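I have placed the structure first, in the form of structure tokens, so that the comments after it can refer back to it.
Each reported figure results from applying straightforward, stated rules to the coordinates on display, with no laboratory input. Here the structure is a predicted model, which means the values were calculated and not measured. Because the Cβ atoms are built from the backbone with ideal geometry, glycine has one as well, and the counts that use them run over all protein chains shown.
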Amino acid sequence: MNEVWKRFRKDRIAVIGAVVVVAISLAALFAPLIVPYDPYEQFFDGLTLEGAPLPPDGEFWLGTDLLGRDQLSRLIYGARTSLIIGIAANATAVFIGTLFGATAGYVGGWVGTAIMRFTDLMMAFPALLLAIALSAILKPSLWIVVMVIALVNWVQTSRVMYTQTRALVEQEFIEAARALGAAWPRILLVHILPHLVPHILVWATLGISVTVLLEATLSFLGIGVQPPMPSWGGMIFESQSYFLSAPWLVFFPGISILLVALAFNVVGDGLRDALDPTQRGRE
Amino acid sequence: MLRFLAGRLLQSAFILLGVTIITFGLLFLIPADPVRMIAGRSATPETVESIRRQLGLDQPIPVQYARYLGNLVQGDMGRSYIQKARVSELIASRLPATLQLMAAAIFLQLLIGLPAGIFASTRRNRPLDKTVMLLSFVGISAPQFVVGLLLIYVFAYKLELFPLGGYGTIWHVVLPALTLGVTIAGWYSRMSRSSMIDVLRQDYIRTARAKGVPEYRVVLVHALRNAILPIIAMIGIDIGLYAQGIVVVEAVFGWPGIGQLAWLAIQRLDIPIIMGVTLVAAVGIVLGNLLADIATSLIDPRVRHS
């Protein structure tokens, strides 16, 4: 682990990404303490006399939205929505993917084939469209969105874990464990799972950028978390018709989504290089 | 080769069958009663009952599925709840616009991604490589709707170089295609870089260099010829990325393709249209994968026997 940390530390971009992740997580965690205003309050002086949103100024640092709410406060609360959904959905997806992939890889036979054929099937399903269909059918709430995103995102992890487990099963120490009479759940948990941990860690990080983007996209299409709960994609959805005259309403939430997705991507990439130095600089 | 083809075709057919089972199953999750959606609120119980019978919704589920599949095979995907038009006709009339946008996007994505990846591979682990790789992550991490809106703001609204949205001339396609192109180019630059790195370390490249072939020829002729094939095959596998992108980009730019059709259907909970577009996208993904497999096996005969 020390070795890994040493290698990770040398990757300057990944370290900057990690700092961004920590900073945004802290902001989301302590949102009530650091927001300048109540994110739900519609300020009387938050709109111009004609009822237009205010551009960034000294009072409302990042301007106000169409209802006269403080955008900075909504952005900070939006980080909560984005991170809760991104992390919970990805954790669920990685769990399902590891369970399916490792089981299929170890058990093999017709059960393994059936699981992997199902994975192939889910690969053929356009994730966003499936998510759209699911959230159009189920009434979207925070946890429904988490579930929907997890349901369409476990596939890739499953493929990776399957390939890794197949390679492990061939090795002698698994053969030895089997010869000693260990039952298969024990082999899977005690002998195989520890070797999958690096891959799980990498996907647990990289995957968050995918789930954060998917949440933002669903909210932008109006089928993610519902107003008045602030979410970055939803903030852009709400102000879309107005954005030519109030571009800050798209710009700031947009930059926030990009920043979070980018940070998780570079950290995941750095982690992959640090955990497996033989692959360094390759894909 | 024939055996390989037959096997792949059969596999694709099974996957498509599975896809129809899932879309059919999803229809049962809908809390809203489709009969009510069609009949309207003021319908009498008799009308509701007769529509239910007409739709075959009083039959057992396996019979309903067989009917659903039979209809699909004949190209019948039901009717829109709201527009009452056939879903298949709505999709068919909008598919050309989507294909146009996709073709333009693939062109731009290769135009940006390939040179960036090749360039990075020749400067491996140097500052230029790191910069290109970081930029590729920016492309991958950028939400397409934000990229689209910003492009509209800068190039259509401020600079007035392109129309704000819509469809018609070649100028209309530039910004939506660029939105898809720059975001997906992120993946392609990473892929072409790693593909090039794999090729550049092979013996025949060393031979070429030893013979005194100029470096630009080694990279652009000797190596690229082999490195580009897996990248071209990836386009087939990546149809899924486009299936996601077109919904967002067509919604932002008002591009009259099947993505916009799906987006409009979301607002009105027009389930048959959402399902229809999902099915068409799934068929596209399966076909893309099939073509990629065939292309790869033509290029590299080893694939056929593994």
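Over its Cα atoms, what ratio of radius of gyration to 2.2 N^0.38 Å does segment A:1-87 give?
Against the empirical 2.2 N^0.38 Å value, I get 1.47 for segment A:1-87.
Summarise the long-distance tail of P(r) for segment B:73-163 by giving the % of C-alpha pairs beyond 22 Å. Write out the running numbers ahead of the final one.
Values: 2316 of 4095 pairs.
Of the Cα pairs, 57 percent sit more than 22 Å apart.
Counting only other chains, and only Cβ atoms inside 10 Å, what mean value do you get across the residues of A:231-244?
2
In peptide B:131-142, what is the residue-averaged number of other protein chain Cβ atoms found within 10 Å of each Cβ?
5
Test of understanding: ordering B:L2, B:L159, B:L220, A:L249 by Cβ neighbours within 10 Å, fewest first, what list do you get?
In increasing order of surrounding Cβ atoms, one gets B:L2, B:L159, B:L220, A:L249.
Taking every pair of alpha-carbon atoms in chain B, what share in percent sits in each 10 Å bin, from 0 to the bin with the longest distance?
For chain B, the pair-distance distribution reads 6, 21, 26, 23, 15, 7, 3, 1, 0.
Taking the Cα centre of chain B as the origin and placing charges on Cβ (Lys, Arg +1; Asp, Glu -1), which of B:A243, B:V138, B:A66 is farthest toward the positive end of the dipole?
Highest projection toward the positive end goes to B:V138.
Which residues does the label zone of A:E170 cover in segment A:88-114, counting backbone N under 15 Å from a point 7 Å along Cα→Cβ?
So the set is A:105-106.
Can you pull the Kirkwood radius for segment A:50-175, inverse mean 1/r over Cα pairs, to one decimal in Å? Please list the in-between numbers first.
Numbers: mean 1/r = 0.0572 Å⁻¹.
Its Kirkwood hydrodynamic radius stands at 17.5 Å.
What value in Å³ per residue do you get for the convex hull of the alpha-carbon atoms in segment B:82-232?
Working: hull volume 23.1 nm³, N = 151.
Convex hull volume per residue, Cα atoms: 153 Å³.
Taking Cα atoms, how many degrees apart are the long axis of helix B:239-253 and the longest axis of chain B, rounded to 10 and kept between 0 and 90?
Between the helix axis and the principal axis of chain B, the angle is about 70 degrees.
Mind putting together the pair-distance distribution for segment B:55-106? All Cα pairs, 5 Å bins, whole percent per bin, short to long.
The calculated distribution, bin by bin, is 5, 17, 17, 18, 16, 11, 8, 5, 3, 1.
Helix B:170-200: angle to the longest alpha-carbon principal axis of chain B, degrees 0 to 90, nearest 10?
Orientation of helix B:170-200: about 50 degrees from the principal axis.
Could you pull out every whole DSSP H run in chain A that spans at least 20 Å of Cα extent along its own axis and averages -1.0 or higher on the Kyte-Doolittle scale?
Length and hydropathy pass: A:12-29, A:71-107, A:109-123, A:142-169, A:193-220, A:248-275.
Using only alpha carbon positions, build the gyration tensor of segment A:206-270, then give the equivalent ellipsoid semi-axes as the square roots of 5 times its eigenvalues, largest first, whole angstrom.
23, 14, 7
Run lengths n ≥ 4 of DSSP H only: what is the helix-derived mean residue ellipticity at 222 nm for chain A, with -39500 (n - 2.57) per run over all residues, to the nearest 500?
-23000 deg cm²/dmol
Tell me the net charge near B:L72. Cut-off is 15 Å between Cβ atoms, B:L72 excluded, with +1 for each Lys or Arg and -1 for each Asp or Glu.
It works out to a net charge of +1.
Let me see the pair-distance distribution of the protein assembly as shown: every alpha carbon pair, 20 Å bin width, integer percents in order.
Histogram of Cα-Cα distances, whole percents per bin: 18, 52, 28, 3, 0.
May I ask for the percentage of alpha-carbon pairs in chain A that lie more than 32 Å from each other?
The calculated P(r) of chain A puts 36 percent of pairs beyond 32 Å.
Label-point separation (nm) for B:L111 and B:L164, each offset 7 Å from Cα along Cα-to-Cβ?
It is 2.6 nm.
Of the listed peptides A:223-229, B:18-24, B:246-252, B:69-75, what is their order by residue-averaged count of other C-beta atoms within 10 Å, with the highest listed first?
Those peptides, ordered most packed to least, come out B:246-252, A:223-229, B:18-24, B:69-75.
Under a point-charge model restricted to the Cβ atoms of Lys and Arg (+1) and Asp and Glu (-1), what is the dipole moment magnitude of the protein assembly as shown relative to its Cα centre, in debye to the nearest 20?
Using only the charged Cβ atoms, the result is roughly 1900 debye.
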